[in-house]
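Taking it in order: structure first as structure tokens, then the write-up.
The values are calculated or read from the model by the stated rules, or taken from the named source; none is laboratory data. Because the structure is predicted, anything quoted here is derived from the model rather than measured. In this analysis, Cβ positions are derived from the backbone assuming ideal geometry, glycine residues included, and neighbour counts consider all displayed protein chains. Keep in mind that these areas ignore ligands, DNA and RNA; they rest on the heavy atoms of the full protein, side chains included. Shrake-Rupley method; radii C 1.70, N 1.55, O 1.52, S 1.80 Å.
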Amino acid sequence: VGSTDECIRSIVNSVKTSKKILLLGHIGPDGDSLSSQLAIYLALKKMGKDVQIWSRDPLPNLYSFLPASAEIKCVGEKPPSESFDIIFVMDVGAKSRVGFPIPDFSSQLINVDHHPGVAKFGTINCLDDTACATAEIVYRIVLELGVKLDKDIATNIYTGIITDTGSFRFRNTSKETFKIAAHLVECGVSPSVIAEKVFYSLPYFRLRLLTRCLNTLDMNKDDGVASVVLRLEDYAAENIPVTYTEDFINFPRSLEGVKAAVFFKEVEKDIYKVSLRSKGDVDVSEVARTLGGGGHINAASGTASGKLSEVKEHVFELLKNVIKKAALTSPN
Ligand SMILES: [Mn+2]
């Protein structure tokens, strides 16, 4: 924690002596990545800085309620060539997940993240895997900048926290999470209004897609593994882009007796993004690393290619092994 405090102080020092600042997040932007950038954006604007946010992908409609979200520039894979005094990279997990080459910078590249094991690719690396979300680190940065937390900044930070903690349900939720949330509510955040926007304003086709997905539910009761699948043909049938599936993994995970859940999402012909969730001490990050990805003990993802039946068999086998391992190390 001490080193995070030091990092935050050096970030504040750099910000104070700079004018032009760029904020970057990750491809397929999620609640935490977006709200972290937007909260910092609003704080820096209040300080009179010249700030921009670039994203490779467009903002999901769902998040258009976030204050300042209209300021995000969708630049695709080839951003304009411009130089900045500071570039913030937020919540990306790995540098490549920005989705385009990070522009040349004259002074500082600031990497802010809560994913475990992130490479220190910045000139300042503010990495704290005890933080529940990147937005939690941003909260501390904004306070250290001396900017007053107004309702708009607080709304962004709160959204990052609820999306990354599954509304305070996941293991990353701590006493600190609730303390921050309480402060954000004091600053004018309405938890029910934000919940309405994030969880109860979803497009019709998302539920159609979910229906297709749930129809593939498969459970191995002996091992405690359950899976769901979405294939390219499902997207084609609904005539929508390959997106809007963020929480589908929670359905197989919600079952009694399930120790590990998988969501196979076909992203290109015979290439699957494999999202993994687990309960208790079952470490799915180990499986994710085998699949060329990474993540936390209970939430991780990787990639697998081949025929669906083979991919499934392979991943189920890997999960069976980590479930066995967890049973050996935990007394009950
Ligand atoms: Mn995050």
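Counting only protein heavy atoms and a probe of 1.4 Å, the accessible surface of region 1-95 is 48% carbon and sulfur. Angle of helix 308-329 to the longest C-alpha principal axis of the chain, folded into 0 to 90 degrees and rounded to 10: 80°. Remark: region 145-209 carries 53 Å² of accessible area per residue (probe radius 1.4 Å; ligands, DNA and RNA excluded). With respect to the chain, whose longest principal axis is taken over its alpha-carbon atoms, helix 204-214 is tilted by about 40°.
Quick check: net charge around E176, other residues with Cβ under 15 Å of its Cβ, Lys/Arg +1 and Asp/Glu -1?
Numbers: positive: R140, R171, K175, K179; negative: D5, D128, D129, E136, D164.
Net local charge, E176 excluded: -1.
Over the chain, what is the relative contact order in percent, taking alpha-carbon pairs closer than 8 angstrom and at least six residues apart? Relative contact order for the chain comes out at 12 percent. Sparsely packed loop sites in region 10-99 (the trypsin sites (Lys or Arg not before Pro) outside DSSP H, G, I, E and B with at most 16 other Cβ atoms within 10 Å) comprise K19.
Helix-only arithmetic for the chain: the sum of -39500 (n - 2.57) across DSSP H runs with n ≥ 4, divided by the residue total, places the mean residue ellipticity at 222 nm at -12000 deg cm²/dmol. Counting every C-alpha pair in the chain, the share spaced more than 31 angstrom apart comes to 33%.
Using the Cβ of E233 as centre and a radius below 14 Å, the other residues enclosed give a net charge of 0, where K and R count +1 and D and E count -1.
E196 label point, 7 Å along Cα→Cβ, cut-off 14 Å on backbone N: hits in region 30-44? So the set is empty, nothing qualifies. For region 230-308, the list of GluC sites (Glu not before Pro) that fall in a loop by DSSP and count at most 11 other C-beta atoms within 10 angstrom reads E256. Dividing the convex hull volume of the alpha carbon atoms of region 86-136 by its residue count gives 67 Å³ per residue. Using a cut-off of 30 Å between Cα atoms, the listed pairs K221/K265; K46/K273; K73/K95; K49/K265; K95/K269; K179/K325 include K46/K273; K49/K265; K179/K325 as exceeding that distance. Each Cα pair under 8 Å and six or more residues apart adds its sequence gap; the mean of these over the residue count of region 258-332 is a relative contact order of 27 percent. The loop-placed trypsin sites (Lys or Arg not before Pro) in region 174-275, going by DSSP, that have at most 11 neighbouring Cβ atoms within 10 Å of their Cβ come out as K221, K269.
Note that region 83-232, at 4 °C in a medium of 1.567 mPa s, gets a Stokes-Einstein diffusion coefficient of 72 µm²/s from its Kirkwood radius over C-alpha pairs. Altogether, the Stokes-Einstein calculation at 37 °C and 0.692 mPa s, with the Kirkwood radius of region 1-123 over Cα pairs as Rh, returns a diffusion coefficient of 225 µm²/s. Determine the distance separating the Cα centre of region 245-298 from the Cα centre of region 90-144; give it in Å without decimals. Region 245-298 and region 90-144 have Cα centres separated by 24 Å.
Within the shell defined by Cβ-Cβ distances under 11 Å, the residues around P79 carry a net charge of +1, with Lys and Arg each +1 and Asp and Glu each -1. Taking every C-alpha pair closer than 8 Å and separated by at least 6 residues, the mean separation divided by the residue count of region 148-286 gives a relative contact order of 16 percent.
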